[in-house]
1. Here are B:Ala330, B:Ala301: which of them is within 14 Å of chain A (Cβ to nearest Cβ), surrounded by fewer than 22 Cβ atoms within 10 Å (Cβ to Cβ) and not aromatic (Phe, Trp, Tyr)?
2. Mind checking which residues of segment A:84-109 are touching a strand residue (DSSP E or B) at 6+ places or on another chain (Cβ under 6 Å) and more than 14 Å from chain B (Cβ to nearest Cβ)?
3. Across segment B:161-183, what is the total count of residues that are touching a helix residue (DSSP H, G or I) at 6+ places or on another chain (Cβ under 7 Å) and of a type in the set (Ser, Thr, Tyr)?
4. Go over the candidates A:Gly88, A:Gly70, A:Gly18 one by one and state the one that is part of a loop (DSSP other than H, G, I, E, B), of a type in the set (Gly, Ala, Ser) and under 25 Å from A:Arg325 (Cα atoms).
5. I need the full set of residues from segment B:345-358 which are in contact with a Lys or Arg (Cβ under 9 Å, 6 or more places away or on another chain) and not in a loop (DSSP other than H, G, I, E, B), in order please.
6. Can you give me the number of residues within segment B:250-265 that are out of contact with any Phe, Trp or Tyr (no Cβ under 7 Å at 6 or more places or on another chain) and facing chain A (nearest Cβ under 8 Å)?
7. Does segment A:237-249 contain at least one residue that is assigned to a loop (DSSP other than H, G, I, E, B), touching a His at 6+ places or on another chain (Cβ under 8 Å), away from chain B (no Cβ under 14 Å) and closer than 20 Å to A:Cys344 by Cα?
8. B:Ser236 - would you say it is hydroxyl-bearing (Ser, Thr, Tyr) and either touching a Cys at 6+ places or on another chain (Cβ under 9 Å) or outside the structural domain of B:Ile313 (by TED's automatic domain parsing) (or both)?
Protein chains: 2
Amino acid sequence: MDDPYNAFCDHAAVYIDGAGEGPLTGLTFAAKDLFDVAYYRTGGGNPDWLMTHPPAVRHATMVETLLGAGATLVGKTHTDELSRGIFGENPHYGTPVNPRAENRLPGGSSSGSAVAVAAGMVDFAIGTDTGGSVRAPASFCGLYGIRPTHDRLSLDGVLGQAPSFDTAGWFARDADLFAQIGAAMFDGDIDDYTPDHLVIASDAFAAADDDAAAGLKPAVGRLSEAVGASEWRQISPDGLDVWLGHQSVMQGREAWQTFADWIDQNNPRFGYEVSEIFHFGATLSDQRIAEAKEAWSRIVAHMDTILTASTFICLPTTPFAAPLRGQPRAATKELRRRIGSLACIAGLLGAPQITLPLGDVDGFPLGLSLLGPRGSDEQLLGFARQLSRVV
Amino acid sequence: MDDPYNAFCDHAAVYIDGAGEGPLTGLTFAAKDLFDVAYYRTGGGNPDWLMTHPPAVRHATMVETLLGAGATLVGKTHTDELSRGIFGENPHYGTPVNPRAENRLPGGSSSGSAVAVAAGMVDFAIGTDTGGSVRAPASFCGLYGIRPTHDRLSLDGVLGQAPSFDTAGWFARDADLFAQIGAAMFDGDIDDYTPDHLVIASDAFAAADDDAAAGLKPAVGRLSEAVGASEWRQISPDGLDVWLGHQSVMQGREAWQTFADWIDQNNPRFGYEVSEIFHFGATLSDQRIAEAKEAWSRIVAHMDTILTASTFICLPTTPFAAPLRGQPRAATKELRRRIGSLACIAGLLGAPQITLPLGDVDGFPLGLSLLGPRGSDEQLLGFARQLSRVV
């Protein structure tokens, strides 16, 4: 396949026809190179991971589900190393090109999946989202994207990172297909849906750049209208940065536990940034972990009072549109932190979040997100589809 | 050149004839890929360093000196990444093979230079030594090696790491050539020399494995005889590990300062271990640095009372012979620390140290070291040559 956007992995020129007739027959998709595809090695965005692992013996469950629904797998896509990045910059394989903003970052870690969809090379693609890895690239590339409820979809055959936060979702260019994939994934119909109540997270909007908040305003207005009952409200009493601190600590510790043995055995090559994040996880004190876990319970209990049945929370997916490529770490670290402060909310709650390509900053896409109670995935998808018809 | 031991860099197939007739005419040498060679890029053992730097415009001063003395440069050799390793394991270019122990490590960071000499591919080779990078591979590969007095030889055109500790030295298979290179480098004759007094560092020998200490014993006996006046004595009142702690802190901070901007701009790929060492340097507190510097002054003052004129200190170069290849980081970290606890002494003092291939552990080479007062480089070389005639 011609790949001018560097979306696909060279080591896995996969092509697997969908199984007979199904709801997704005729559609093509790509899978982030964290999903096992039988007979191919899963590379995880790192050449030393690729080199030290045998080919997969079976497809990841989600790949199997999509093939069973008739979709055709046409490739595996680039990812940040071991999913540990949010911008899509991979020092081994290069940075996929954002078709909507060629001198800007595509977002990651599901960078290649987002780019393949945004460029029209596939109809849809799957990715993982531990700390924003579907939502950020969907926002930057102008796509629909979902982080499902934690633990609702099987991650069998997916290279995990931090089990308490790992999820896998998908990207699509339109809300109809976005929902249709959900029907296959959740094995049930996606009905039209409108929540009773919309909470617009004032602290999340305050965390965004002014032009980003302004670029989302028209869409927020349309959402409010569609729902009827809406209110602006601060959702984090502690501050979103404090929440991110706790989430990063727990994710960091778990990610280190996932990869520590392999790192110690193989001394693998990583871009410096990824090593630094691992080192952060490796050197956390048990006391800091305990503090984070205690805070986590409090955060979930607090949010359960806001995110009641038939309530969605509206927030910017990312605090800005795609940043420029090739910035120094001093700049990107701060940008990463700011993305994390919004992305951590769904992560801490285990709640589903969808991002809709409804924002615009100087012609560059920016996602608007809806976050629902745990288990409301189908309702989010149903609302997104319904909204797309009236907008 | 046929390179079965993986000593040489592929990116610099250098061949530069020596300049006319000189003391080293007819001899071939290799240079660690930290030394600039005009028109070639200096790679420093890291592909991203190589990629982000232009070709050198002139030879490093030491290369120029050797070419001027008539020696012919036949290649650039592998190094640990940016000289930040002691075993010679390079995750990008592989580990050079120790000709004296093929399933064991060659030692580093001047790994390729030591291997090229030990394998007889060149007559001699140059390397750098910040924290043991000439001495360790010389010990493991059964060679003569020198860390000169700090600041005696020009490091112009050498990719530095930690200026307070950086030196550059050389490897040879026999003591005559070892001294002859010194004559060219120091631009003067190397006379026979015998020190008045030999201090055998009891704490350094206690830090070695039992079989290593035993494997050096015959050579220590011959040295004592050659000198006449010798005594066993503990040289570090604080413990050599404490000295290493201070030295590592200062080296770590300086190395981070050397490379921080480049790392921040380029997010380069490193083996995890190297990133971890950089991260250590990046996160040291100013207070810890101040403590180390204060201790450093005390250590130098203390050692100046022991290492008086015409005294040499005798110690194991490394606490063991070459370790096995491919061990996990948990094992190699401890081995690295133990090597450092001996190597840090010369580093802290800025004093010259030579290692002589006089030890044997189950058939594997082990170096015995002599450390002299600052500026006694020629005397060390003269003594080594004289000793080789009587042994």
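The values are calculated or read from the model by the stated rules, or taken from the named source; none is laboratory data. What you see is a predicted model, and the numbers here were worked out from it, not measured in a lab. Using ideal geometry, Cβ is built from the backbone for each residue, glycine included, and neighbour counts are taken over all protein chains shown.
1. B:Ala330
2. Residues satisfying the conditions are A:Asn98, A:Arg100, A:Ala101, A:Arg104.
3. 1
4. A:Gly88
5. Hits for segment B:345-358 are B:Ala346, B:Gly347, B:Leu349, B:Gln353, B:Ile354, B:Thr355, B:Pro357, B:Leu358.
6. 2
7. Yes, that holds for at least one residue.
8. So B:Ser236 does not fit the description; no.
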